[in-house]
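Okay, structure first, notes after.
The values are calculated or read from the model by the stated rules, or taken from the named source; none is laboratory data. Quick caveat, the model's predicted, so the values are computed rather than measured. Backbone-built Cβ (ideal geometry, glycine too); neighbour counts: all protein chains shown. We work out accessible area using only protein heavy atoms, side chains counted, and drop any ligands, DNA or RNA first. Shrake-Rupley method; radii C 1.70, N 1.55, O 1.52, S 1.80 Å.
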Amino acid sequence: MKLTLTEPKFLKDSISIISDLVTEARFRFTPDAIELVAMDPANVAMVIFKLLSSAFAEYNVKEDIHLAINMNDFKQVLRRAKSNDAVTLETEDNKFKITFKSNTIRTFYLPIIDVDESEQKIPDLSFKATITTTAAIINEAIEDADIVSESVTFDIDNQVLTISATGDLSKATIRIDADNDTKIISDEKVKSKFSIEYLKKMIQGSKISEKVLLQVSQDYPLKLEYKVLNKVQLAFILAPRVDND
Amino acid sequence: MKLTLTEPKFLKDSISIISDLVTEARFRFTPDAIELVAMDPANVAMVIFKLLSSAFAEYNVKEDIHLAINMNDFKQVLRRAKSNDAVTLETEDNKFKITFKSNTIRTFYLPIIDVDESEQKIPDLSFKATITTTAAIINEAIEDADIVSESVTFDIDNQVLTISATGDLSKATIRIDADNDTKIISDEKVKSKFSIEYLKKMIQGSKISEKVLLQVSQDYPLKLEYKVLNKVQLAFILAPRVDND
Amino acid sequence: MKLTLTEPKFLKDSISIISDLVTEARFRFTPDAIELVAMDPANVAMVIFKLLSSAFAEYNVKEDIHLAINMNDFKQVLRRAKSNDAVTLETEDNKFKITFKSNTIRTFYLPIIDVDESEQKIPDLSFKATITTTAAIINEAIEDADIVSESVTFDIDNQVLTISATGDLSKATIRIDADNDTKIISDEKVKSKFSIEYLKKMIQGSKISEKVLLQVSQDYPLKLEYKVLNKVQLAFILAPRVDND
């Protein structure tokens, strides 16, 4: 296989975000895309990543290749890419080879590792409420909530998304109404509670796209999705916190 | 009461500066202004803060209200204000309610706390020397002094302000002559010594105003004042260090 | 002696870089230049610094003066210089006196210290390979190598400089070909290995000049030199790491 990106931004940002959630992961290189589906070590969050062949200047994958690497190592290497570097991904001598080409040729070799676990399946979820809005609004709401608590509630009722957090003595409530920037489609009133620590890692997806798709149901996992048409998709599924308060 | 600011900068910066000196404090909301007079926990420094009703877009306070809150909590909430947010301050259900309104409505509730101590009185001080100068000059002098010692001497003599610090082996001396930027009015030669740690917190007042009023006497407290006409006043009184050197 | 610089940048940057390698050092003020030759405490690296009299607005040194000071103190004082400050260096009452003059006069006095060791001699080295290239290329290569190992190999062969590092499992290789930016003159194939920790301090010399002169031989010290014609020269000699791998 040999893949070359002339704009390393999508790969670089995605791997940096994913490495905050997942330590080691198996990539699937198919003739159409690089794909990754992985759980965080605590089994609370799933990452779904797809970088389409159309995002590449050169994309040569004959048959499916599975290849696991340490995500932090990969992040550190990609960080070294300058915006004008052409980035090539290959395998060589059972190593994962990453080459940056501009006025110099810089080559990194990372070990291919063994990952015991069987391949992750994307769960078949059905959501009651779907919101599309600007990533900035969601980022801000999560950071607001972060100053009063460790968990946050998403509440969708009648064209209004309310994000709220309750601390020992303080409280934060962010009300987001459907408008030009925000579309809310929901069958019924739903409410679920999530870890802010995880959400803060996931909303880094705003580096990929300034729009976000948010899907919620009653006491049910949340799905957060950042997408650039024909290029990249980065989605997260987060288990709810089901406690009584 | 209900108060709305369309430019949160003065409140945000002032609370951030004050919270470095004071942990909990009682605000006085009067029909004319928000006021705060508080001592730092070590009783070395006093903060005097006044945000005038004319700084607000909406200012509705019928009678004096005393209301104590944790300054760090307040700072953290105000930090979340964006420059285009309208910031509303209210009380609701015995909580202090802060609302940011732009394309979303973000509401924070902070607990109103009990502060035992009686109200602080601003001491009646009379100074021998009064200097008005640019905040940048004073900031620079304090930061210069900081690299050689933990205390700094202000010396006013014959139209010259000398700020100096003496370390074990090193020494720093900053000479500021009266000129277009700096006015010095003094009856007699005066000299006082102060903690640099405190001064470094106080000179953050330069975020409020680029001019500063400095008042000094012989072995006597110092007063530092930052002011924007008809809007805001932030002043500090700092006890001198009286040691023999 | 009395020396005045109207552009403190070269002195400020050089002292900041040198102080990362050398704690105390003896300067030689001659009628032509300020000079410093010093070893780091571990005796692995030598610094050679020369700031020519032509870099100064006023340069008055009648006879050679030797003067040792703490490099960190000197760095901290020079950091306080603003770009529009005229910086004067003098001796007064057996102290080293540094004055910054703009709208205020700020004076620092640093102790002159005793340094036991005899004067450092610049070793007489002869190199097999000489490379001139942009400092950015070398900086990037060292930072690339830093993510996989603690040491780096410079390999010059037939108009190609290869900088490589090998970690436990990962590897980085940077290939720099002779071109418009990079001149490589070498008699024979040479290769030497060096500490990345030291190199990272030395490549800060890129603040002085965007070009760098690099000299290497087989298992031999490396010389790195940053120079601005008629103004300043900052060079480093680094002992090789001779281990077997």
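General remarks:
- Interface residues in the range B:96-140 - accessible area drops by 20 Å² or more relative to the isolated chain, probe 1.4 Å: B:N103, B:T104, B:I105, B:R106, B:T107, B:F108, B:Y109, B:P111, B:I137, B:E140
- Helix A:9-18 axis, angle to chain A major axis (alpha carbon atoms, nearest 10°): 60
- Applying a DSSP loop filter and a limit of 11 other Cβ atoms within 10 Å to the GluC sites (Glu not before Pro) in the range C:138-245 leaves C:E188, C:E210.
- Looking at the protein assembly as shown, the accessible area is 46 square angstrom per residue; that uses a 1.4 Å probe and ignores ligands, DNA and RNA.
- For B:I105 and B:D179, the FRET efficiency from 1/(1 + (r/R0)^6), where r spans their Cβ atoms and R0 equals 45 Å, is about 0.35.
- Mean shadow area of the range B:2-111 over all directions, Cα convex hull, nm²: 6.4
- Centre-to-centre separation between the Cα atoms of the range A:56-113 and those of the range C:117-141: 32 Å.
- Computed over the range C:73-128, relative contact order equals 23 percent, with contacts defined as Cα pairs under 8 Å that lie 6+ residues apart.
- Hull volume per residue, based on the alpha-carbon atoms of chain A and their convex hull, is 133 Å³.
- Contour minus Cα-Cα distance for B:K200 and B:K121 (0.36 nm per residue): 26.0 nm
- For the range C:1-107, GluC sites (Glu not before Pro) meeting the loop criterion (DSSP other than H, G, I, E, B) and having at most 15 other Cβ atoms within 10 Å: C:E63.
- Inter-label distance, nm, simple model (7 Å from Cα along the C-beta direction), C:Q159/A:D20: 4.7
- The protein assembly as shown shape via C-alpha gyration tensor axes, a/c threshold 1.5: oblate
- Each 5 Å bin from 0 upward holds the following percent of the Cα-Cα pairs of the range A:103-205: 2, 10, 17, 17, 15, 10, 6, 7, 6, 6, 2, 0.
- Chain C, relative contact order in percent, only Cα pairs under 8 angstrom and at least six apart counted: 20
- Distances between equivalent label points of B:L229 across the copies, with each point positioned 7 Å along Cα→Cβ, amount to 5.6, 5.6 nm, shortest listed first.
- Each copy carries a label point for B:S118 at 7 Å from Cα along the beta-carbon vector; from one copy to the others these points are 7.7, 7.7 nm apart, nearest first.
- Label zone (C:E63, point 7 Å along Cα-to-C-beta; backbone nitrogen cut-off 20 Å) within the range C:105-120: C:119.
- Across the identical copies, how the B:K189 labels are spaced - nm, sorted shortest first, 7 Å along Cα→Cβ: 7.9, 7.9
- Here the range B:2-111 has 42 percent of its accessible surface on carbon and sulfur atoms, given a 1.4 Å probe and all protein chains in place.
- DSSP-assigned coil residues among trypsin sites (Lys or Arg not before Pro) in the range B:101-159, each with at most 11 further Cβ atoms within 10 Å: B:K121
- Helix C:135-146 axis, angle to chain C major axis (alpha carbon atoms, nearest 10°): 60
- Within the accessible area of the range A:129-232 (1.4 Å probe), percent carbon and sulfur: 44
- Per-residue [θ]222 nm for chain A (sum of -39500 (n - 2.57) over DSSP H runs n ≥ 4, rounded to 500): -4500 deg cm²/dmol
- Seen from B:E92, the other residues with C-beta closer than 14 Å to its C-beta sum to a net charge of +2, counting Lys and Arg as +1 and Asp and Glu as -1.
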